[in-house]
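Written below as structure tokens is the structure these notes are about.
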Amino acid sequence: GLEHAVCPEGRLVHLSVQAARDRCGQVPKAVDAQCAIAMTHIEHMLAASHMRLQDMVRLTCYVTCRTHVQVFHTAWQHRWPGIAPVVSVIVVAGLASPDVLIGFEIQAYSGPETRLREAVKVVEIEAV
């Protein structure tokens, strides 16, 4: 598949899951099946990088149709309740292959919690 992980010094991991292929190498037609497979890939890649779901600090989800946004949110709530990175969902014209309907980029951080709090500043902006 098109999954990649980069882990500089074991503290920060960047993941890319662009093709939700099943064990036979096929991409399912249904977006919910693609989402489930991609989430499994994310879990395995985090584990292989010695990370946990709780270490995710940013997730970007790319979907090819606005109706897929709800599929992602439902899958997230059922599969990863309590996991709360910064999340962006972006609707795009297409992904790596025409049969791919959903893709993800993940950033995860593993290290002392106080260092993470010092490294990240939270800014609250009032809605206009």
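Full extension of the chain between residue 52 and residue 86 yields a length gain of 10.7 nm, computed as 0.36 nm times the residue separation minus the alpha carbon distance. Ranked by the mean number of other Cβ atoms within 10 Å of their residues, highest first, the peptides 76-84, 36-44 fall in the order 36-44, 76-84. Per residue, the solvent-accessible area of the range 57-107 (1.4 Å probe, heavy atoms of protein chains only, all protein chains present) comes to 53 Å².
Modelled spin labels at residue 60 and residue 11, positioned 7 Å past Cα toward Cβ, are 2.3 nm from each other.
The values are calculated or read from the model by the stated rules, or taken from the named source; none is laboratory data. Keep in mind that this is a model prediction, so the values were computed, not measured. Neighbour counts are summed over all protein chains in view; Cβ atoms, including those assigned to glycine, are modelled from backbone coordinates with ideal geometry. With ligands, DNA and RNA removed, areas are computed over all heavy atoms of the protein, side chains included. Shrake-Rupley method; radii C 1.70, N 1.55, O 1.52, S 1.80 Å.
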